[in-house]
Amino acid sequence: MIAMSHQKPLSSSLRIVITGTGTGVGKTFVSTELLGILTEAGLKCLGLKPIETGFTEPDRSDAEALARGARHPRLTPAFTSPVPESPHRAARRAEVALDGQKVADWVALQTAAAAPDAVVVESAGGLFTPVGDSVLNVDLVRALEPCTFVLVVPDRLGALNDALCSVTAARAVHRAPDLLCMNLLDEGSVGLENTRELSRLGTLPPVIQAPLLRFNAARDVVRLFHHLRQ
Ligand SMILES: Nc1ncnc2c1ncn2[C@@H]1O[C@H](COP(=O)(O)OP(=O)(O)OP(=O)(O)O)[C@@H](O)[C@H]1O
Ligand SMILES: [Mg+2]
């Protein structure tokens, strides 16, 4: 159960940027679950993947999963590449310059067209993955302000280190996550109680556990995101 003091209706300005400690950590899983919860709560949602590499089968892409979570047709990313590699390499080969402004402009365009209550934007790769020769995903978070910035951490042995490293590095570039999401990929890690241990440290952003609906009531998730936006 997540303790929140009050709740007001969500407004149209809710933008949630989901990144993670790396690739394959459950960003799409958490984003899709969150979109489903917000949609079920009556919010019109938009699920966006501005940059997607390894994009070979559109029906099995992250863009498709996010669209399904938010119940709208797939929105083709601003930049795609069939090769599963770092966005900055794919962009360099395609002779495309990816930067925060380009991503923010695309997100703003999609948002203006759909007029949603909530937008969930999933990054390509982890928080410090390069998307351009001098642009990292953390720069995209800043380009998408104002936003609620969620860092997904795979909940397993070593997760405390992963979470602390990422938050420390994010603080060093002056954009700490607003929320850590510990994603339980493997049932065997449940006994580590990583979410509880991180919460006990006291110096970190709030920590939530995924799968969201397994560990939290849907209404608490909605209230949490409302609270973080303020
Ligand atoms: N909590 C979970 N329980 C079970 N399976 C999960 C969970 N989280 C993620 N997975 C599975 O793990 C795999 C990787 O997850 P996902 O695609 O969400 O990662 P990602 O961070 O979005 O990866 P990418 O960097 O490629 O975008 C997927 O097959 C997904 O279904
Ligand atoms: Mg993904």
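This table checks each residue for (1) under 30 Å from VAL83 (Cα atoms); (2) away from ligand 2 (no atom under 16 Å from the Cβ).
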| site | (1), (2) |
| --- | --- |
| ASP133 | yes, yes |
| CYS147 | yes, yes |
| VAL153 | yes, no |
| LEU184 | yes, yes |
| GLU187 | no, yes |
| GLU197 | no, yes |
| ALA210 | yes, no |
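Among residues that are at pLDDT 95 or above and on the phi < 0 side of the Ramachandran plot, LEU228 is not included. From the list PRO205, PRO177, which residue is in contact with a Leu (Cβ under 7 Å, 6 or more places away or on another chain) and closer than 16 Å to GLY22 by Cβ? Of the residues listed, the single one that is in contact with a Leu (Cβ under 7 Å, 6 or more places away or on another chain) and closer than 16 Å to GLY22 by Cβ is PRO177.
Based on what the data block shows, is ASP178 in contact with a Ser or Thr (Cβ under 7 Å, 6 or more places away or on another chain) and more than 22 Å from LYS49 (Cβ to Cβ)? It is false that ASP178 is in contact with a Ser or Thr (Cβ under 7 Å, 6 or more places away or on another chain) and more than 22 Å from LYS49 (Cβ to Cβ).
So that you can scan it fast, the table gives a plain yes or no per residue for (1) over 18 Å from LEU179 (Cβ atoms); (2) at pLDDT 95 or above; (3) within 16 Å of ligand 2 (Cβ to nearest atom); (4) touching a Leu at 6+ places or on another chain (Cβ under 8 Å):
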{"position": "GLN7", "(1), (2), (3), (4)": "no, no, no, no"}
{"position": "THR39", "(1), (2), (3), (4)": "yes, yes, no, no"}
{"position": "GLU52", "(1), (2), (3), (4)": "yes, yes, yes, no"}
{"position": "ALA63", "(1), (2), (3), (4)": "yes, yes, yes, yes"}
{"position": "ALA70", "(1), (2), (3), (4)": "yes, yes, yes, yes"}
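The values are calculated or read from the model by the stated rules, or taken from the named source; none is laboratory data. Source: prediction; values computed, not measured. Positions of Cβ are backbone-derived with ideal geometry, glycine not excepted, and every protein chain shown enters the neighbour counts.
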